[in-house]
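The values are calculated or read from the model by the stated rules, or taken from the named source; none is laboratory data. Computed from a predicted structure; not experimentally measured. No Cβ is skipped: glycine too gets one built from the backbone with ideal geometry, and neighbour counts run over all protein chains shown.
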Amino acid sequence: MTADTPYAPVWRVGPASSDVVIDVLTDAFQDDPFTRWVFPEPSGRIGLQAGFYRALLGHPGAEAHLFGDAAAIWLDLGSGERLHGEPGPADVEDPGLARLNAVGEALARRHPVDAPHLYLAAMGVAAARQGGGLGAALLRHRLDQADRDGVGAYLEAGSPRSRAFYLRHGFADLGEPVRLRGAPPLYPMWRPAAPSVHNR
């Protein structure tokens, strides 16, 4: 695959590279408005973010992909399977974890479960490298394979800017935004497999 960067091709990586994936995502989202709402205490934010990404990587259907300073975690979900809605493993008295559980419960009501699909649970580019095309290349890499497999993809965009990015890559809004009190809206989005690719 080619991109306007000096980096090697996209790699699907295993457990040995999980810390790299977590470090990239933590850097990408530590100043994100939604992340700051979920984990309001700056001193503990990075550790809680890392725990969240590590839990995603522990899912049986998890795939981690790297492209330079960009990382993504996809979950391969079967029909009827959803990620959200399970209580978190830690003390619910922690305000960040309580908010994370509330987000999961709200998103569970919107997550499509009628067909197998890929769920883009997290994708980000390290702060110093954003805007250079790494995220687009990383996303296209997995979506091309999804098209060949005839599988749709789902995500929740965390900002109007990221929503616009995913719209450019074939995603469309799946209903109204999810709104929690005091939080930026989340935008559920769906992308069907491209028929022209699947039917070749």
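Of all residues in the range 161-182 being basic (Lys, Arg) and assigned to a loop (DSSP other than H, G, I, E, B), which is modelled with the lowest pLDDT?
Among those residues, the one meeting the criterion is Arg181.
For Tyr187, state whether it is at negative phi and in a helix (DSSP H, G or I).
Values: at negative phi: yes; in a helix (DSSP H, G or I): no.
It is false that Tyr187 is at negative phi and in a helix (DSSP H, G or I).
Going by the structure shown, is Val103 farther than 18 Å from Ser79 by Cβ, out of contact with any His (no Cβ under 6 Å at 6 or more places or on another chain) and aliphatic (A, V, I, L, M)? Break it down stepwise before answering.
Values: farther than 18 Å from Ser79 by Cβ: yes; out of contact with any His (no Cβ under 6 Å at 6 or more places or on another chain): yes; aliphatic (A, V, I, L, M): yes.
In short, yes.
I'm checking my understanding of the structure. Among residues of the range 136-160 that are in a loop (DSSP other than H, G, I, E, B) and within 13 Å of the chain's Cα centre (by Cα), which one is surrounded by the fewest Cβ atoms within 10 Å (Cβ to Cβ)?
Of the range 136-160, the ones in a loop (DSSP other than H, G, I, E, B) are 150-151, 158-159.
Cutting the leftovers down to within 13 Å of the chain's Cα centre (by Cα) gives us 158-159.
Numbers: Gly158: 20, Ser159: 15.
Result: Ser159.
Does the range 133-142 include one or more residues that are farther than 23 Å from His59 by Cβ and in contact with an Asp or Glu (Cβ under 7 Å, 6 or more places away or on another chain)?
yes
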